[in-house]
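Here is the structure we will look at.
Here, each number is a calculation from the coordinates, and none is a lab measurement. Nothing here was measured: the structure is a model prediction, and the numbers come from that model. Counting neighbours? That spans all protein chains shown, and the Cβs are built from the backbone with ideal geometry, glycine included.
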Amino acid sequence: MPDRHKDPRNILLVKTHAIGDLLMTTPALRAIYHQYPDARYYYLTGRWSEPAIKDNQYLHEVIVVDDADLFDRRIVKLAKLLWKLRTEQYDRAYIFQPAPEVHRLIQMAGVPQRIGFYHEDSMYTLTVGVPWKSDDRRYGPDRYLDLVRATDGTPQGLTMDIHITQDAVEETYRLLRDRPGPWIALCPGGGVNPRQSVPEKRWNTDRWAEIAARINDSLGKAIILGSASDFYVARDIEMYDDRVITQGVGQLSLAASAEIIRRSALCITHDTATMHLAVAVNTPTLALFGPTDPQTFLPNDPKFL
């Protein structure tokens, strides 16, 4: 176990590649900060997911790695990353993914206390290991808090943190100023991150188009949110009903998307990053699930279905 009589001064947290999963670690970050308020906090994450954490109030620095460099083991790039990590001289790392290659990287970076999740054969490079069980159906943030519990920390709630900057507020204003609400956010894309593509998460585009038309007929203004990869889905919905607002697809920052969802009366979304944003900003949400388990990705709250 880590030396509880000596509080860590430099703490590294590690989670890569999935925006939603990264957001679900923010309650653990908050709890660790309350446990060690005088420490400096660093977060190592992938370029894909970095927007979800970069303005977090508890962090001194976000260290960004290209996901392909890490998982394709690009030696030169990883050597540069290791040099940086060793220079910072972290006292402790919390590793939120049970990936042996990530565990080894943090061990090679010289971090003496390594608290992390593991599968059956991946604990040997950790100093404190917590099993990651595939049959654990608890809500994701509660599962990630097990690393806090393993070091005698106290959870500070399950609310996820997303910081909405003034720039994001201004982005939102420019998009919506001539389009009065109420707005209903539709998020028909997703299911893709640097490690995997799960098209089974996505509903048929024709159904999304029908929902958008019904919203525009009687409920308010349908606004489509998504990344650049969702452009063609948004275009197809717009061809069905040209009243939908699609101008933000692939153009808005993640924080601006969160702000639009925050202002919306409802968010309808796949199990993807926008679903977690909606939960974080407390907007009523109807989530459409495919192969994943709603119990592990949505809080037990009637506002989120």
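Structure notes:
- Among the listed pairs Lys133/Lys201; Lys15/Lys77; Lys77/Lys133; Lys6/Lys77; Lys77/Lys201; Lys15/Lys201, those beyond 26 Å (Cα-Cα): Lys77/Lys133; Lys6/Lys77; Lys77/Lys201
- Net charge contributed by nearby residues that have their C-beta within less than 12 Å of Tyr173 (K/R +1, D/E -1): -1
- Tensor-based shape of the stretch 123-194 (alpha-carbon gyration tensor, a/c under 1.5 rounded, otherwise prolate or oblate): prolate
- Sequence of Ile53, Ile106, Ile75 once ranked by neighbouring C-beta atoms within 10 Å, starting from the fewest: Ile75, Ile106, Ile53
- Cβ-based net charge around Tyr144, under 15 Å, with every Lys or Arg adding one and every Asp or Glu removing one: +2
- Labels on offer are (1) 62, 40, 38; (2) 77, 51, 35; (3) 56, 47, 32, and the one holding Cα extents along the principal axes in Å computed from this structure is (1).
- For the stretch 10-150, a/c is less than 1.5, where a ≥ b ≥ c are the root eigenvalues of the C-alpha gyration tensor. That puts it in the rounded class.
- The chain: angle of helix 26-35 to the longest principal axis, Cα-based, in degrees nearest 10: 40 degrees
- Extension gain for Tyr124-Arg86 works out to 11.6 nm (0.36 nm per residue, less the C-alpha to C-alpha distance).
- Trypsin sites (Lys or Arg not before Pro) within the stretch 101-194, DSSP loop, no more than 10 other Cβ atoms inside 10 Å: Arg177
- Full-extension gain in nm, Phe289 to Glu61, via 0.36 nm per residue minus C-alpha separation: 78.7 nm
- In a DSSP loop and with at most 10 other Cβ atoms within 10 Å, the GluC sites (Glu not before Pro) in the stretch 78-120 are Glu120.
- The length gained on full extension between Met239 and His34, counted as 0.36 nm times the residue separation minus their Cα-Cα distance, comes to 68.8 nm.
- Computed E for Ser229/Asp72 - FRET, C-beta separation, R0 35 angstrom, nearest 0.05: 0.95
- Bins of 10 Å, starting at 0 and running to the largest distance - Cα pair percent for the stretch 142-299: 11, 38, 34, 12, 4, 0
- Here's the list of aspartates and glutamates a cross-link from Lys303 could span, going by alpha-carbon distance under 16 Å and ignoring same-chain residues fewer than 8 apart: Asp271.
- For peptides 40-49, 159-168, sequence by mean Cβ density within 10 Å, most packed first: 40-49, 159-168
- When Lys6, Lys54 are arranged by Cβ crowding within 10 Å, least crowded first, meaning fewest neighbours, the order is Lys6, Lys54.
- Estimated distance in nm for a label pair at Ser218 and Arg149, the labels positioned 7 Å out from Cα along Cα-to-Cβ: 4.6 nm
- Cα-based shape type of the stretch 26-105, given that a ≥ b ≥ c are square roots of the gyration tensor eigenvalues and the cut on a/c is 1.5: prolate
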